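Below you'll find the structure, written out as structure tokens, and then a few comments.
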């Protein structure tokens with residue numbers, strides 16, 4: 001059977017599910033344009049092709065993305081691995097793949113859900129996958145092998161797509177770095193030792209009563225659990241070294257100490273008005289952004305649970 005590669009640019013370029021017709025806009029320099037997303041889709045489809053070849057299967061891969069809701073147009077691409085049909089079985093794999101993709105777009109869920117009542121144009125086959133990332137909606141599908149294999153390739157494509165989008169992120173800047181926070185066993189001893197090593201005055205130690213007040217909530221893992229935190233700050237010139245000694249009450253610091261012992265609990269970044277956007281970006285990347293949220297007059301702090309991936313948690317603050 002002759003093998004060939006077919007790339008259809010602009011397939012399914014205007015699938016609309018909204019009554020309004022905004023033109024695509026770039027909110028700021030960090031947002032991705034449709035052209036950038038199309039480039040990522042092409043790369044993700046190449047990855048799907050390689051995955052299918054690795055699995056020893058042929059078929060058709062399709063992908064469509066809706067960019068941040070800023071446009072009513074889904075941008076779409078298609079790639080054929082092997083042939084776009086199976087004449088013996090009478091399968092038009094192009095039609096089946098786009099049918100899966102269309103069902104995903106219409107339902108915002110993986111295709112083949114038995115509880116979904118099929119509408120004209122849908123076949124109800126498994127092999128289409130749905131996800132949302134960085135404000136974009138994604139529908140990827142594969143057709144040509146078993147249902148399980150088709151879905152595996154589709155989900156692989158989405159995973160690669162999310163990776164390319166993440167690389168474009170650049171949501172944090174080096175000049176926003178403000179803080180290294182350490183959990184220590186004996187803060188009096190640690191403060192004195194750091195002062196000697198750095199040749200600076202011994203920092204003042206105080207107790208930070210972490211608890212909710214009217215209009216200023218404090219939560220740990222979504223629950224209002226107050227605790228007392230001994231702490232001090234050493235000015236390192238442009239950033240601060242914070243020392244923390246925690247009580248036995250459940251908190252992000254207690255959780256860290258119980259799991260890892262003493263060490264670096266988080267790195268802090270001051271992001272200004274971009275606070276909500278940064279938190280949403282991290283949430284879209286799969287991180288738990290509810291580990292700790294503390295709001296106080298004029299600012300807030302949000303501990304994002306990134307230690308399993310980054311090796312340390314993040315503290316996102318609008319202002320210091």
**Request:** Please list, ordered by first then second residue, the pairs with beta carbon atoms under 6 Å, 6 or more apart or interchain, first in region 295-310 and over 13 Å from residue 256 (Cβ atoms), second surrounded by fewer than 16 Cβ atoms within 10 Å (Cβ to Cβ).
**Result:** 295/216; 295/217; 296/216; 299/319
**Request:** Look through region 276-294, keep the residues that are farther than 27 Å from residue 262 by Cα and either assigned by TED's automatic domain parsing to the domain that holds residue 132 or in contact with a strand residue (DSSP E or B) (Cβ under 6 Å, 6 or more places away or on another chain) (or both), and return whichever of them is modelled with the lowest pLDDT.
**Result:** 284
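Identify all residues within region 132-150 that are surrounded by fewer than 16 Cβ atoms within 10 Å (Cβ to Cβ) and at pLDDT 95 or above; write none if there are none.
Our first condition is that a residue be surrounded by fewer than 16 Cβ atoms within 10 Å (Cβ to Cβ); within region 132-150, this holds for 132, 146-148.
Once the filter is applied, which keeps residues that are surrounded by fewer than 16 Cβ atoms within 10 Å (Cβ to Cβ) and at pLDDT 95 or above, region 132-150 yields 146, 147, 148.
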**Asked** Among the residues of region 83-104, which ones are crowded, with 21+ Cβ neighbours inside 10 Å and out of contact with any helix residue (DSSP H, G or I) (no Cβ under 6 Å at 6 or more places or on another chain)?
**Response** 93, 96, 97, 98, 99, 100, 101, 102, 103, 104
**Asked** Quick one: would you say residue 125 is under 20 Å from the mean Cα position of the chain (by Cα) and touching a residue at least 12 places away in the same chain (Cβ under 8 Å)?
**Response** no
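Taking residue 129 as the residue in question, decide whether it is at pLDDT 95 or above, part of a helix (DSSP H, G or I), assigned by TED's automatic domain parsing to the domain that holds residue 43 and surrounded by 24 or more Cβ atoms within 10 Å (Cβ to Cβ). Steps first, please.
Numbers: at pLDDT 95 or above: yes; part of a helix (DSSP H, G or I): no; assigned by TED's automatic domain parsing to the domain that holds residue 43: yes; surrounded by 24 or more Cβ atoms within 10 Å (Cβ to Cβ): yes.
No; evaluated as a whole, the condition is false for this residue.
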**Prompt:** What is the one condition in (1) touching a strand residue (DSSP E or B) at 6+ places or on another chain (Cβ under 9 Å); (2) free of Cβ contacts under 8 Å to residues at least 40 places away in the same chain; (3) not in a strand (DSSP E or B) that residue 166 does not satisfy?
**Reply:** (2)
**From the options 57, 41, residue that is modelled with pLDDT of 95 or more, under 24 Å from residue 156 (Cα atoms) and in a helix (DSSP H, G or I)** = 41
**Prompt:** Of these, 181, 154, 159, which one is outside the structural domain of residue 312 (by TED's automatic domain parsing) and in contact (Cβ under 8 Å) with a residue 12 or more places away in the chain?
**Reply:** 154
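So, in region 172-183, exactly how many residues are buried (at least 21 other Cβ atoms within 10 Å of the Cβ) and either in a helix (DSSP H, G or I) or at pLDDT below 95 (or both)?
Taking region 172-183 and keeping what is buried (at least 21 other Cβ atoms within 10 Å of the Cβ), we get 181, 183.
Okay, now just the ones that are also either in a helix (DSSP H, G or I) or at pLDDT below 95 (or both), so none.
Of the residues in region 172-183, 0 are buried (at least 21 other Cβ atoms within 10 Å of the Cβ) and either in a helix (DSSP H, G or I) or at pLDDT below 95 (or both).
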**Close pairs (7 angstrom Cβ cut-off, 6 or more residues apart or separate chains): modelled with pLDDT under 95 in region 88-104, not in a helix (DSSP H, G or I) anywhere** = 91/85
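The values are calculated or read from the model by the stated rules, or taken from the named source; none is laboratory data. Nothing here was measured: the structure is a model prediction, and the numbers come from that model. Note that each Cβ is placed from the backbone with ideal geometry, even for glycine, and that neighbours are counted across all protein chains shown.
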